[in-house]
Amino acid sequence: GGSLTKLAYYSTVQHKVARVRSFDHSGKDIENEPLYEISVQEEITARLHFIKFENTYIETCLDFIKDHLVNTETKVIKATGGGAYKFKDLIEKKLGLKVDKEDVMTCLIKGCNFVLRNIPHEVFAYQKDSDTEFRFQTNHPNIFPYLLVNIGSGVSIVKVETEDKFEWIGGSSIGGGTFWGLGALLTKTKKFDELLQLASKGQHTNVDMLVKDVYGGAYQTLGLSGNLIASSFGKSTTADKEFSKEDMAKSLLHMISNDIGQLACLYAKLHNLDKIYFGGFFIRGHPVTMRTITYSINFFSKGEVQALFLRHEGYLGAIGAFLKGAEQDNPNQYSWGENYAGSSGLMSTSPDVYPMQRTRSGTFDMLEMDRLERPLVNLPLLKDPSTYIPDTVDLTDDAMARKYWLTCFEEALDGVAKRAAASQPDSVDALERAEKFRQKYWNKLQTLRQQPFAYGTLTVRSLLDTREHCLNEFNFPDPYSKVKQKENGIALKCFQSVIESLDSLGWEERQFALVKGLLAGNVFDWGAKAVSDVLESEPQFGFEEAKSKLQERPWLEDSYSQWLERLKEGPPHKCALIFADNSGIDIILGVFPFVRELLSRGTEVILACNSGPALNDVTYSESLIVAERIAAMDPVIQSALREEKLLLVQTGSSSPCLDLSRLDKGLAVLVRERKTDLVIIEGMGRAIHTNYYAALKCESLKLAVIKNSWLADRLGGKIFSVIFKYEVPCK
């Protein structure tokens, strides 16, 4: 680019993963053996890295490429942007490679599609005068069509319809270069950033003629406010005085932004588009330009069209050029996820937050994305994927909740680090790595206190996911593996007696006991401090004790009577999809008896568990071993597994929460094939922190025990209050 070099590269990362597998128990006394063996193995995964250098340090950038990225097989380097011409000879000479120049616009759009598809909180609207400058939009799989307005030296307006179909529909010669050029003539300031700095301090009304200057107030007939600019620089024709550089820069900025805004609006209306993304060096995260563009779009569209900006706007061209070069192993065929541990987040534009980083306001310095093992798609049962928002509370907006949860995660941090170190007793450097993890996550939390919008909308889910990413970075893939192994073993020993006592009950009594069992199982959550304290101090705390902790009916949210009525009066469901939560008592004594009852009614069941570990949540591979053990004790489960009426699948997630717009493709296919008509989501992370308000096309049950007193208070209850939410979609 004109002032920054953006580099995109691919690497393979070696990290540790926890694996579980059944012991071969043939002919052995298995009474005192652990349920399965746990091993930690090395795994290679793909990662994309994006990094920025200033052009004044182009040599440093080339040294970095030479030292880290060039191997004997590299013959060509893909490049795009003005610098691909300017620095071509230098790059070729220094790296001994051929520079292959790619078309700028094609790269820009390829890059734009990639970030829109893979980073859920990529897009934001800018609101200078609200509490949170950045208001993030949730991206959805259907990203087309959209308008991309690229403001470089001039303005290009491109309509993007599909992955490969886009057309230049218009533009203007009045763009960033005009602002820079005219600004330099007016203020004698040659640097673009300095010009914007001047504009941010200026008062345009000293130079511009307003409607009230012409008409003495608002122009009522046309509905024009008195503060509207009637003529840019209008006062300079009559005033006999010198204008300040700041005021002239501000007036010029308004003039050009308003012109671009009106042009973009007209093209959006002409082509019936409501999504306009702005990019180019004129924007580059600068608050003054984002504010003026936003105002202009809002004014000319009468609020119907929103100006949208991209968190990683500066990288689009580099990402696109990279994708062009990687077509044989096309990254677009995979799903990718932002790695919060290795990404540096969006910087604040408020001067008081990070004075040292003000030279490039809004600059995003590093981004890392990990390739996910499996492609992720929407749950087909979402009522409206385009309006689905997984998270219940937006902590970026809610300052009180934000303060509470950040403190909550800070206070839990020592315990998490201790648990991580204890999970690897044979490792000589476990304590040192645990301390590095603690330091890294602590720093992330401090950044989020100052800049809650750093990684998009701040939520309990993003705080949990960031913690998991940091644990993985320091090779703690599954700190709770031993706890889960032990709890699964203990719970399995109780399974038969729980089933016997359930089978001895009358039908109606049994339905209530099953639900109570599900809720009691849900108490066993090591992620909740109120519970982990009890589990640490009272090892004998079990299923019956958990039942006694539960709130008596009526529950905080209680539609149990409607659920019972549905079971009595309605036909059996065709197929139920259950998202399971914790290992041990939860899955074995809560979920499996419930599954068994559904199967007995003639309902098929898809049991979905996390693909990878998070806290003490049950993973898919653990669920396979547990199911196999239960099947050996229970003929209902055994025949259901054999006849594929009970199917165990993975969610594609490694989070304690649940995003129904990013689920394993295999799960989505199965949900369609089996004509799923009931979804059951259990647990605080999946049913309260996320999906509490999720609307589905079919019946759903959301149930959880609230194990956090602040959250219980927020919802109007006490700790161990019960949420039992049975929802039927409106016809």
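Scanning the stretch 501-553 for residues being closer than 16 Å to VAL705 by Cα and in contact with a Pro (Cβ under 7 Å, 6 or more places away or on another chain) gives a total of 3. Given the criteria free of Cβ contacts under 8 Å to residues at least 60 places away in the same chain, under 19 Å from the mean Cα position of the chain (by Cα) and not assigned by the TED database to the domain that holds TRP336, does LEU445 qualify? Yes, satisfied.
Give the stretch 268-323 a look and list any residue that's in a loop (DSSP other than H, G, I, E, B) and closer than 27 Å to MET366 by Cα, or say none. Break it down stepwise before answering.
Filtering the stretch 268-323 down to residues in a loop (DSSP other than H, G, I, E, B) leaves 271-274, 280-286, 301-305, 311-312.
Residues satisfying the conditions are GLY280, PHE281, PHE282, ILE283, ARG284, GLY285, HIS286, ARG311, HIS312.
If you take the residues of the stretch 141-164 that are open to solvent by 30 Å² or more (accessible area, probe 1.4 Å) and in contact with a Pro (Cβ under 9 Å, 6 or more places away or on another chain), which of them is nearest to PRO375 (Cα to Cα)? Among those residues, the one meeting the criterion is PRO141.
Determine whether the stretch 605-628 contains at least one residue that is over 28 Å from the mean Cα position of the chain (by Cα), outside the structural domain of TYR36 (by the TED database) and not in a helix (DSSP H, G or I). Working first, answer last.
So in the stretch 605-628, the residues over 28 Å from the mean Cα position of the chain (by Cα) come out as 605, 624-628.
Checking the rest, the ones that are also outside the structural domain of TYR36 (by the TED database) come to 605, 624-628.
Still in the list and also not in a helix (DSSP H, G or I): 605.
Checked the stretch 605-628: at least one residue is over 28 Å from the mean Cα position of the chain (by Cα), outside the structural domain of TYR36 (by the TED database) and not in a helix (DSSP H, G or I).
Only one of the listed residues (PRO729, PRO656) is open to solvent by 20 Å² or more (accessible area, probe 1.4 Å) and out of contact with any Ser or Thr (no Cβ under 8 Å at 6 or more places or on another chain). That residue is PRO729. Note on the stretch 155-185: residues that are touching a residue at least 24 places away in the same chain (Cβ under 8 Å) and part of a loop (DSSP other than H, G, I, E, B) total 3.
This table checks each residue for (1) under 26 Å from SER600 (Cβ atoms); (2) open to solvent by 20 Å² or more (accessible area, probe 1.4 Å); (3) touching an Asp or Glu at 6+ places or on another chain (Cβ under 6 Å).
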position: VAL531; (1), (2), (3): no, no, yes
position: GLU536; (1), (2), (3): no, yes, no
position: PHE541; (1), (2), (3): no, yes, no
position: SER548; (1), (2), (3): no, yes, no
position: PRO554; (1), (2), (3): no, yes, no
position: ASP558; (1), (2), (3): yes, yes, no
position: ARG566; (1), (2), (3): yes, yes, no
position: PRO571; (1), (2), (3): yes, yes, no
position: CYS575; (1), (2), (3): yes, no, yes
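Only one entry in ALA420, ALA454, ALA434 is over 27 Å from VAL618 (Cβ atoms) and touching a residue at least 40 places away in the same chain (Cβ under 8 Å), namely ALA454.
Can you find a residue in the stretch 192-201 that is outside the structural domain of SER296 (by the TED database) and touching a residue at least 12 places away in the same chain (Cβ under 8 Å)? So far as the stretch 192-201 goes, no, none of its residues is outside the structural domain of SER296 (by the TED database) and touching a residue at least 12 places away in the same chain (Cβ under 8 Å). Of the residues making up the stretch 121-148, those that are in contact with a helix residue (DSSP H, G or I) (Cβ under 8 Å, 6 or more places away or on another chain), outside any strand (DSSP E or B) and among the hydrophobic types (A, V, I, L, M, F, W, C) number 1.
Restricting the stretch 507-526 to residues that are open to solvent by 40 Å² or more (accessible area, probe 1.4 Å) and not charged (D, E, K, R) leaves a set whose member that is farthest from PHE592 (Cα to Cα) is TRP507.
Return the residues of the stretch 685-731 that are part of a helix (DSSP H, G or I), closer than 26 Å to LEU663 by Cβ and of a type in the set (D, E, K, R); say none if nothing qualifies. Show your work before the answer.
Initial filter on the stretch 685-731 (part of a helix (DSSP H, G or I)): 685-689, 709-714.
In the following step, the residues that additionally are closer than 26 Å to LEU663 by Cβ were identified as 685-689, 711.
Selection gives ARG686 alone.
Among residues belonging to the stretch 452-482 that are among the aliphatic types (A, V, I, L, M) and touching an Asp or Glu at 6+ places or on another chain (Cβ under 8 Å), point out the one that is surrounded by the fewest Cβ atoms within 10 Å (Cβ to Cβ). Per the criteria, the residue is VAL460.
Taking the criterion of being closer than 10 Å to VAL305 by Cα and surrounded by fewer than 15 Cβ atoms within 10 Å (Cβ to Cβ), the residues of the stretch 269-279 that qualify are LYS269, ASP274.
If the condition is being of a type in the set (S, T, N, Q) and at pLDDT 75 or above, then the stretch 1-29 contributes SER3, THR5, SER11, THR12, GLN14, SER22. Being assigned to a helix (DSSP H, G or I) and either at positive phi or out of contact with any strand residue (DSSP E or B) (no Cβ under 6 Å at 6 or more places or on another chain) (or both) is true of GLY590.
Of the listed requirements (1) within 13 Å of PHE594 (Cα to Cα); (2) polar (S, T, N, Q); (3) exposed (fewer than 15 other Cβ atoms within 10 Å of the Cβ), SER501 misses just one: (1).
Inclusion of THR221 among residues that are open to solvent by less than 20 Å² (accessible area, probe 1.4 Å) and over 30 Å from ASP391 (Cβ atoms) is not warranted.
Given the condition open to solvent by 20 Å² or more (accessible area, probe 1.4 Å), hydrophobic (A, V, I, L, M, F, W, C), farther than 20 Å from GLY280 by Cβ and in a helix (DSSP H, G or I), answer yes or no: does some residue in the stretch 199-213 qualify? It would help to see each step written out before you state the result.
We begin by selecting, within the stretch 199-213, every residue open to solvent by 20 Å² or more (accessible area, probe 1.4 Å); these are 200-201, 203-206, 209, 212-213.
Then drop every residue that is not hydrophobic (A, V, I, L, M, F, W, C), which leaves 209.
If we keep only those that are farther than 20 Å from GLY280 by Cβ too, we end up with 209.
Those left that are additionally in a helix (DSSP H, G or I): none.
No, because not a single residue in the stretch 199-213 is open to solvent by 20 Å² or more (accessible area, probe 1.4 Å), hydrophobic (A, V, I, L, M, F, W, C), farther than 20 Å from GLY280 by Cβ and in a helix (DSSP H, G or I).
Mind checking which residues of the stretch 560-586 are under 17 Å from PRO729 (Cα atoms), touching a residue at least 24 places away in the same chain (Cβ under 8 Å), outside any loop (DSSP other than H, G, I, E, B) and charged (D, E, K, R)? Of everything in the stretch 560-586, just one residue is under 17 Å from PRO729 (Cα atoms), touching a residue at least 24 places away in the same chain (Cβ under 8 Å), outside any loop (DSSP other than H, G, I, E, B) and charged (D, E, K, R), namely ARG566. Residues in the stretch 544-567 that are more than 12 Å from LEU701 (Cα to Cα) and among the small types (Gly, Ala, Ser): ALA546, SER548, SER561.
For the stretch 609-616, the count of residues that are crowded, with 24+ Cβ neighbours inside 10 Å and in contact with a Pro (Cβ under 6 Å, 6 or more places away or on another chain) is nonzero. Going through (1) within 21 Å of VAL605 (Cα to Cα); (2) surrounded by fewer than 17 Cβ atoms within 10 Å (Cβ to Cβ) one by one, GLY584 falls short only on (2).
In the stretch 246-268, is there at least one residue being open to solvent by 40 Å² or more (accessible area, probe 1.4 Å), closer than 21 Å to GLU122 by Cα and in contact with a Phe, Trp or Tyr (Cβ under 7 Å, 6 or more places away or on another chain)?
Taking the stretch 246-268 as the starting set, the residues that turn out to be open to solvent by 40 Å² or more (accessible area, probe 1.4 Å) are 246, 255, 259, 262-263, 266-267.
So of that shortlist, the ones also closer than 21 Å to GLU122 by Cα come out as none.
Looking for residues that are open to solvent by 40 Å² or more (accessible area, probe 1.4 Å), closer than 21 Å to GLU122 by Cα and in contact with a Phe, Trp or Tyr (Cβ under 7 Å, 6 or more places away or on another chain), one finds none in the stretch 246-268, hence no.
Please enumerate the residues belonging to the stretch 332-383 that are aliphatic (A, V, I, L, M) and modelled with pLDDT of 85 or more. Of everything in the stretch 332-383, those that are aliphatic (A, V, I, L, M) and modelled with pLDDT of 85 or more turn out to be ALA341, LEU367, MET369, LEU372, LEU376, VAL377, LEU379, LEU381, LEU382.
Number of residues in the stretch 641-655 that are in a loop (DSSP other than H, G, I, E, B) and either assigned by the TED database to the domain that holds GLY337 or over 13 Å from the mean Cα position of the chain (by Cα) (or both) equals 5. Taking every residue in the stretch 389-402 that is among the small types (Gly, Ala, Ser) and pairing it with any residue that is open to solvent by 10 Å² or more (accessible area, probe 1.4 Å) and not in a helix (DSSP H, G or I), at least 6 positions away or on another chain, the pairs with Cβ-Cβ distances below 6 Å are ALA401/VAL393.
The values are calculated or read from the model by the stated rules, or taken from the named source; none is laboratory data. These figures come from a predicted structure and were not determined experimentally. Every residue, glycine among them, receives a Cβ derived from its backbone with ideal geometry; neighbour counts consider all protein chains shown. Side chains included, ligands, DNA and RNA excluded: accessible areas come from the protein's heavy atoms. Shrake-Rupley method; radii C 1.70, N 1.55, O 1.52, S 1.80 Å.
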